[in-house]
Amino acid sequence: MIDKLEFLIALAREQSFSRAAEVCGVTQPTFSAGIKQLEDTLGVPLVNRTSRFHGLTPEGERALEWSKRIVADARAMRQDVRSSRASLDGHLKIAAIPTVLGMVTSLTTPFRVKHPAVRFTILSLSSREILSMLDSFEIDAGLTYLDNEPIGQFKTIPLYNEQYRLLTSVHCPLGERASVTWSEVAYIPLCLLTPDMQNRRIIDRLLGNANAPPMLESNSMVLLFAHVRTGRWASIMPEKFAEVLGLPEPLRSIPIVAPREVHKIGLVVARREPMSPLVQALCAEAQKIAIGD
């Protein structure tokens, strides 16, 4: 039965019978038969379809929500009954906002030392996408802001405080300054994250109305940094992210002050009891580097 629920989840995500079958590792006839068996078991149609997928019925949408919960609980149960082993195994799915990707290793590396059989999938998503996927049991944990937008009913572990730097070349405007203000940065050309990212919304607020549209936008911090490395672009990045990347000459990381802006970054997981052993172990690693609330 669990595999049929996983079929429904995959179908809702992929919006295609053929793609969903491929994701689930079965043939399309097997996949379609599995969906039909689930409909027969529940006694209601779950899918609007003719020869193609046209979305879920209202009953299918309700079944989808239950399917996500049941599948998540089944995975947690499998992990729990195996947890008596010396080392955990399984699959951890973690999503992080782009500005935090550089510090993910501080969690995954010590975790892997203790539990080398665990596999990781790390996704780069916006803060809103992270909370949505946590709520629908599509990921196990998220790394995001804790204090800038509502988090909701999730368990949080604060990890560090994010502060901001102007990354630029000594040959660019403000490049030789020891520090700069937000009002000064507002008047130079910048490359920034896209507006759907919370980091960008924070920066837009700090720069105010004087800021012109950025010369380049991307949802990839690596791409932004690649442009800064040419010595012809400037960007605003978190201090820790700049430290991870390293700054070859003639690049500089200049503190942005007046006002000094600080935001709390942390681990976010669903508030569930019992918590799966993998998520429990991840929280234990996070507690070792946690800052006070």
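Structure notes:
- Selection count, region 268-290, where residues are hydrophobic (A, V, I, L, M, F, W, C) and under 21 Å from Gly152 (Cβ atoms): 9
- Matching entry among Phe137, Phe111, Phe120 (being among the aromatic types (Phe, Trp, Tyr), assigned to a strand (DSSP E or B) and farther than 18 Å from Met197 by Cα): Phe120
- Top-ranked residue in region 254-275 [being under 19 Å from the mean Cα position of the chain (by Cα) and surrounded by 15 or more Cβ atoms within 10 Å (Cβ to Cβ); ranked as farthest from Met103 (Cα to Cα)]: Ala270
- Out of Leu251, Leu247, sole residue that is within 19 Å of Glu162 (Cβ to Cβ) and either touching a Phe, Trp or Tyr at 6+ places or on another chain (Cβ under 8 Å) or surrounded by 13 or more Cβ atoms within 10 Å (Cβ to Cβ) (or both): Leu247
- Scope region 196-217; condition surrounded by 14 or more Cβ atoms within 10 Å (Cβ to Cβ) and either free of Cβ contacts under 8 Å to residues at least 24 places away in the same chain or of a type in the set (Lys, Arg) (or both); matching residues: Arg200, Arg201, Asp204
- Qualifying residue in region 153-165 (condition: loosely packed, with under 15 Cβ neighbours inside 10 Å and over 23 Å from Leu245 (Cα atoms)): yes
No lab work stands behind these numbers, since they all come straight from the coordinates. Being a predicted model, the structure only gives us computed values, none of them experimental. Heads up, the Cβs are rebuilt from the backbone with ideal geometry, glycines too, and the neighbour counts pull from every protein chain shown.
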